[in-house]
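Visitor: Take this structure first; my questions come after.
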């Protein structure tokens, strides 16, 4: 029996029973947070239609993160409250933006907090589901007095569904930043016949409250600039070049979610976007793995809960003579391993030593998704990884940029 004061039910059971429990909760007028996977598309459509009809949120299925009125759900971070609301069809994307905002991108910008961070489930913007919860969340944040700016995040949404969400955003009075990975360039030219109000990445203009960015990093930095009162084009150019020696070789990326994998992939696929205009991405040999996806996590603990699977892959990869760089992300916060760096550091140290014994130089580049208030301690985690020989960067974007510069430099030396 639900407590009469309860307004959110957390449902984490097997797919068919999760759908039944969620339907019962929605019938009682309760919002639902549902991290369960294996819920059918048909059940998801029915549940979200009922939630929409009742004015409720069905956050899921396969929704790993949310922060509602300051309360964390699932994998979330200890973040300050603030004026930025986030709606995401990607838990890893949400967490990356939340943490970059909270840390002020390593003190380069003022830190910003979150009013709400609503996860809507990874399939919400698919053609079959058609975005009901992102639209509902967008409407709720538009009416939320605590929210001054809205950030929308999704990975590979259906183009037509993404367009409907974008058009809805243009009708709001609040500014909206849209980060739909793999969507912005396609919709601008193929669906809308040109830019039609879409602006270049990182630019939120006066008079048009909607801007489109192409990366999670740009979403966070643009939101911070907006919160700081800046309305012009945001310049993202930085120097990631390093004296770290490199050698021609393959890159292995080990990630905790699809959105952060796509973040790195975007840089490695288009190095010209970060100033490496002379680099040929066709020569970048990369294997990127989403260890949090069903293909890799079935039968194993999620890498956020237990990074041992990632550590084992680092050790095994060290004996690949063709491997030059390992790129990985670590995740802190509620629900995460109590000390992930203590699991990853020994494997990094061993892998680098094994490569060195074979006359090779293996570069390990890590990013840490977390806040200074997370119980694991962002700085102590960074120091542990750095002591093991990893280069620790403040974001997945920074880490991928660093890897791209090293790969380009090594290829240049090799001719």
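The values are calculated or read from the model by the stated rules, or taken from the named source; none is laboratory data. Here the structure is a predicted model, which is why all the values come from computation and not from measurement. Virtual Cβ from ideal backbone geometry, glycine too; neighbours counted across all protein chains shown.
Visitor: Say we look at segment 16-60 and pick out the residues that are more than 16 Å from residue 124 (Cβ to Cβ) and outside any helix (DSSP H, G or I); which of these is nearest to the chain's Cα centre (by Cα)?
Guide: Checked segment 16-60; the qualifying residue nearest to the chain's Cα centre (by Cα) is 38.
Visitor: Limited to segment 378-415, what total is found for residues that are touching a helix residue (DSSP H, G or I) at 6+ places or on another chain (Cβ under 9 Å) and at positive phi?
Guide: Qualifying residue count for the region: 1.
Visitor: Name the one entry in 397, 405 that is within 21 Å of the chain's Cα centre (by Cα) and not assigned by TED's automatic domain parsing to the domain that holds residue 97.
Guide: Just a single option satisfies the conditions, and that option is 397.
Visitor: Could you check segment 275-289 and list, in sequence order, the residues that are at pLDDT below 85 and surrounded by fewer than 16 Cβ atoms within 10 Å (Cβ to Cβ)?
Guide: Across segment 275-289, the qualifying residues are 277, 278, 280, 282, 283.
Visitor: Hey, can you tell me all the residues within segment 389-409 that are out of contact with any strand residue (DSSP E or B) (no Cβ under 8 Å at 6 or more places or on another chain) and either surrounded by fewer than 24 Cβ atoms within 10 Å (Cβ to Cβ) or modelled with pLDDT of 95 or more (or both)?
Guide: Of everything in segment 389-409, those that are out of contact with any strand residue (DSSP E or B) (no Cβ under 8 Å at 6 or more places or on another chain) and either surrounded by fewer than 24 Cβ atoms within 10 Å (Cβ to Cβ) or modelled with pLDDT of 95 or more (or both) turn out to be 405, 408, 409.
Visitor: Here's a follow-up. Quick check on my filter: what residues within segment 290-306 are buried (at least 16 other Cβ atoms within 10 Å of the Cβ), in a loop (DSSP other than H, G, I, E, B) and modelled with pLDDT of 90 or more?
Guide: 291, 303, 304, 305
Visitor: Identify all residues within segment 136-165 that are part of a helix (DSSP H, G or I) and in contact (Cβ under 8 Å) with a residue 60 or more places away in the chain; write none if there are none. Let's see the steps before the verdict.
Guide: First, pick out the residues of segment 136-165 that are part of a helix (DSSP H, G or I): 136-143, 159-165.
If the condition is that a residue be part of a helix (DSSP H, G or I) and in contact (Cβ under 8 Å) with a residue 60 or more places away in the chain, then 136, 137, 140 are the ones that fit.
Visitor: Residue 184 is checked against (1) surrounded by 17 or more Cβ atoms within 10 Å (Cβ to Cβ); (2) modelled with pLDDT of 60 or more; (3) within 28 Å of residue 99 (Cβ to Cβ) and fails just one. What number does that condition carry?
Guide: Looking at each condition in turn, residue 184 falls short on (2).
Visitor: I'd like to check something: does segment 353-364 contain any residue that is in a helix (DSSP H, G or I) and under 25 Å from residue 72 (Cα atoms)?
Guide: The answer is no; no qualifying residue exists.
Visitor: Touching a helix residue (DSSP H, G or I) at 6+ places or on another chain (Cβ under 8 Å), buried (at least 23 other Cβ atoms within 10 Å of the Cβ), assigned by TED's automatic domain parsing to the domain that holds residue 391 and closer than 14 Å to residue 250 by Cβ: does that describe residue 348?
Guide: no
Visitor: Take the residues of segment 34-44 that are surrounded by 15 or more Cβ atoms within 10 Å (Cβ to Cβ) and touching a residue at least 60 places away in the same chain (Cβ under 8 Å): which is nearest to residue 118 (Cα to Cα)?
Guide: By that ranking, first place goes to 34.
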